[in-house]
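Report on the following structure.
The values are calculated or read from the model by the stated rules, or taken from the named source; none is laboratory data. The model shown is predicted, which means the values in this text are computed figures rather than measured ones. Every residue, glycine as well, gets a Cβ built from its backbone with ideal geometry; the counts of neighbours run over all protein chains shown. Ligands, DNA and RNA are stripped out before the accessible areas are found, and what is left, the full protein with its side chains, is counted by its heavy atoms. Shrake-Rupley method; radii C 1.70, N 1.55, O 1.52, S 1.80 Å.
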Amino acid sequence: MTQPAPGQSKTVLGRGSYPEYLRISDLLRKETVGGILLLIAAVAALVWANSPAADSYFAIRDFTIGYEPWHLDLSIGKWASDGLLAIFFFLTGLELKREFVAGDLRSPSRAIVPIAAAFGGVAVPALIYVAINLSAGPEALRGWAIPTATDIAFAVAVLAVISSHLPSALRIFILTLAVVDDLIAIAIIAFFYTEEVHVPFLLWMLLPLGLFAFLTQKYTRFFARHHAAAWIVLLPLGVITWALMHSSGVHATVAGVLLGFVVPVQRRAKDGGPDAGPGLAELLEHRFRPLSTGFAVPVFAFFSAGVALGGWAGFESAVTDAVAMGIILGLFLGKPIGILLTTWVLTKATKAHLDPSLKWVDVLGVAILAGVGFTVSLLVNDLSFLLGSQHHDHAKVAVLTGSLVSALVAAGVLRARNSHYRRVEAEEQVDANHDGIPDVYEEGNRA
């Protein structure tokens with residue numbers, strides 16, 4: 001919430017700072033490309049898995065390769081989920097740290113609403129899933145966390161497809177909410193989906209992680225200037241950290257987040273300070289994001305989205321299963337209810353009001369859009385149910401169905417407000433004094 005001037009009430013979902021607006025706008029453009037690639041990968045997997053050549057798809061996905069003594073004899077699909085997704089979560093760690101160190105989330109007044117909304121958007125879908133599956137047995141209940149995640153790349157791709165001119169305040173809200181959502185998902189994976197921990201491997205993992213942290217903190221300027229050094233020195237340390245985390249029994253993607261957390265966000269005073277240029281976290285993000293959005297996540301999507309539907313009858317059977325119903329309703333109803341209700345309660349409790357450019361229907365549209373869960377939802381499905389089991393396949397169908405329904409309904413709600421969004425967008429671009437900063441952001445800073 002922005003701090004009010006004397007005599008003014010507090011405002012929630014404001015525009016934020018102009019530097020934050022520029023940074024997030026650039027990030028969302030990159031996520032749009034990633035979302036489109038995700039969509040292509042998912043469709044390709046579904047087509048192949050339901051074609052006469054379906055056996056070849058599953059044969060490739062289940063083909064095992066790797067070094068058994070290090071517990072790395074994994075299927076291709078497992079390499080994609082445990083290995084390639086670690087790159088995605090490394091970027092998540094970088095983004096989370098940047099948000100809390102240099103982004104608008106460093107301000108508690110701005111951070112409280114998206115953080116609370118993210119927790120609401122996780123809790124309500126989980127409760128809906130549990131309520132529907134209480135009588136389905138403990139095995140079905142293992143999937144309680146599947147509908148709790150938001151896929152920001154897919155969500156932003158939906159905005160691009162419908163050509164929505166979403167105001168900057170809502171764009172910042174959905175991205176920030178999704179970033180916090182990813183942090184919650186990582187905590188859930190680490191604490192609820194770790195069955196056995198091998199402590200020696202976990203302790204050994206601290207050595208390369210600690211060395212990675214020391215080098216990035218001590219030699220920030222060196223790695224910033226010598227791009228090849230990051231690949232030659234830091235990448236092997238990251239791989240070793242990942243391998244030891246995998247062998248410890250804790251899901252290997254957690255290593256990606258930890259590696260992202262230890263990278264410095266801002267330059268130290270002796271390196272010129274924050275004004276001397278982007279920090280190492282931003283530089284590494286620029287280098288690894290193309291690898292993540294262009295290769296790692298689409299490949300994971302390709303090997304995770306493929307499911308044999310068995311025709312329309314098979315689809316009907318899947319979506320009417322209690323597990324699938326819990327996921328679909330969790331994504332489509334639970335997400336918007338949790339996000340909208342939490343935001344509304346927090347607003348009323350603090351006697352604040354929405355930014356004048358927004359209405360509650362705008363928050364509802366974004367909250368429904370948050371029901372687009374894909375990448376992390378599919379990952380949690382892999383951790384919840386045995387690959388190829390009925391629950392696993394039904395949950396996969398449910399994630400795709402719930403995400404599609406959420407995307408279509410959100411598109412309708414947001415598209416209906418597009419003429420208003422265009423007017424707000426025009427206002428946000430007015431720079432009467434030609435100082436390079438739109439007037440609305442200067443007015444916000446003065447307030």
The set of residues whose placed amide H lies less than 5 Å from the amide H of V250, leaving out same-chain residues fewer than 5 positions away, is H198
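If the only charges are +1 at each Lys and Arg Cβ and -1 at each Asp and Glu Cβ, what is the size of the charge dipole of the chain around the Cα centre, to the nearest 20 debye? Each step should come with its number before you reach the end.
Numbers: 31 positive and 35 negative charges, 194 e Å.
Computed charge dipole of the chain: roughly 940 debye.
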Rounded to whole Hz, the Karplus (6.51, -1.76, 1.60) HN-Hα couplings of the range 130-137, x for glycine and proline
5, 4, 6, 10, 4, 8, 8, x
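Can you compute the helix-only [θ] at 222 nm over the chain? Use -39500 (n - 2.57) per DSSP H run of at least 4 residues, normalise by all residues, nearest 500 deg cm²/dmol. If you can, show how the numbers build up before the last one.
Numbers: 21 runs with 290 residues, N = 447.
Computed ellipticity for the chain at 222 nm equals -21000 deg cm²/dmol.
Using alpha-carbon pairs under 8 Å, 6+ residues apart, how would you state the relative contact order of the chain in percent? Write down the numbers at each step before the final one.
Working: 711 pairs, mean separation 125.8, N = 447.
Result for the chain is 28 percent.
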List the residues, sorted by chain then number, that are 5 or more residues from S75 or on another chain and whose placed amide H is less than 5 Å from its amide H.
I65
For the range 311-447, with the dipole built from +1 on Lys and Arg beta-carbon atoms and -1 on Asp and Glu ones, taken about the Cα centre, which of W360, G373, N418 lies farthest toward the positive end?
W360
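State whether the chain is rounded, prolate or oblate according to the following rule on the C-alpha gyration tensor (a ≥ b ≥ c being the square roots of its eigenvalues): a/c under 1.5 gives rounded; otherwise a/b larger than b/c gives prolate, and the remaining case gives oblate.
Values: a/c = 1.79, a/b = 1.17, b/c = 1.53.
Oblate.
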Averaged per residue, the 1.4 Å probe accessible area of the range 306-418, protein heavy atoms only, in Å², is roughly 37
At what distance in angstrom do the alpha carbon centres of the range 99-174 and the range 323-399 lie from each other?
6
Keeping the other protein chains in place, figure out the carbon and sulfur percent of the accessible area of the chain, with a 1.4 Å probe.
68
Amide hydrogen neighbours beyond the local backbone of H353, cut-off 5 Å, H modeled:
K10, T11, V12
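Go through K97/K351; K78/K396; K10/K359 and tell me which ones have a Cα-Cα distance over 22 Å in this structure.
Long pairs (Cα-Cα over 22 Å): K97/K351.
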In whole Hz, the Karplus estimates of ³J(HN,Hα) for the range 295-305 (6.51, -1.76, 1.60; θ = phi - 60°; x where Gly or Pro) are 9, 4, 5, x, 5, 4, 4, 4, 8, 9, 7
